[in-house]
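Below: one structure, written as structure tokens.
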Amino acid sequence: MKKLSVTVKTLVAAALVLSATSCSENKADNAATSAVASTETSSPEASAPKSNIRYIDADSVISAYTLAQQLFAEQQREVNKVQQWHESKQRELQSLANSISQKQQNNVYLSQASMEADVQSFQKKGEEADRYLNTQQQRLANSELQIRARLSDSITNAVRAYNATRGYDAILLREAGVYFNPALDVTADIINILNSRFQPEKK
């Protein structure tokens, strides 16, 4: 079995949908490109950016978003449980295999049928373990998709609410470009909105 693991990086994809959202107007792509170009040619000493485009750092948003941290921690605990179960089951099956081998070497089996019965029991346990593991892996995969969808919705809603009071032409992902003027970074604002909206779930 491949080692099960979940990292914050796997959740970053949740924010990728933002590259197609958060525009106050449906500007043509060439207009957005022109705005970025004007930013690149503006004076570095300018006190305020002239571009009407902003960006966010998806990694930073996910890392600092309390809900993402909570969901990630819960998912990792589930992954660890499945991993521990798998390792325990592997030890159990290995012990059964060793027992069968020892009995065969020491002529403990009184008949071929009794040995075959143990072998069949071993194989059945192995098949049951594989089925259970596959079920748990699918459950974890579905859970991760749900986490991504939930984070994506939260981030998208926060960006839209933020832009409703700013009127930017676009809010892009830093990952979508090679360079952005740091003065265009609104990541901290989005993080503040997300965490201010976060309500811990009651146990």
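The values are calculated or read from the model by the stated rules, or taken from the named source; none is laboratory data. What you see is a predicted model, and the numbers here were worked out from it, not measured in a lab. Here Cβ is always computed from backbone atoms with ideal geometry, including for glycine, and neighbour counts include all displayed protein chains. With ligands, DNA and RNA removed, areas are computed over all heavy atoms of the protein, side chains included. Shrake-Rupley method; radii C 1.70, N 1.55, O 1.52, S 1.80 Å.
If I filter region 154-177 for residues that are modelled with pLDDT of 95 or more, in a helix (DSSP H, G or I), open to solvent by 90 Å² or more (accessible area, probe 1.4 Å) and more than 28 Å from residue 90 (Cα to Cα), do I get at least one hit? Yes - at least one qualifying residue is present in region 154-177.
Could you please let me know if residue 108 is part of a helix (DSSP H, G or I), among the β-branched types (Val, Ile, Thr) and either free of Cβ contacts under 8 Å to residues at least 24 places away in the same chain or surrounded by 15 or more Cβ atoms within 10 Å (Cβ to Cβ) (or both)?
Working: part of a helix (DSSP H, G or I): no; among the β-branched types (Val, Ile, Thr): yes; either free of Cβ contacts under 8 Å to residues at least 24 places away in the same chain or surrounded by 15 or more Cβ atoms within 10 Å (Cβ to Cβ) (or both): yes.
So residue 108 does not fit the description; no.
Being β-branched (Val, Ile, Thr) and open to solvent by 80 Å² or more (accessible area, probe 1.4 Å) is not true of residue 187. Pairs meeting the criteria (first residue in region 131-157 and among the basic types (Lys, Arg), second residue not in a helix (DSSP H, G or I), beta carbons under 7 Å, at least 6 apart or on different chains) are lacking. In this structure, residue 141 does not satisfy being open to solvent by less than 60 Å² (accessible area, probe 1.4 Å), over 14 Å from the mean Cα position of the chain (by Cα), small (Gly, Ala, Ser) and under 26 Å from residue 58 (Cβ atoms).
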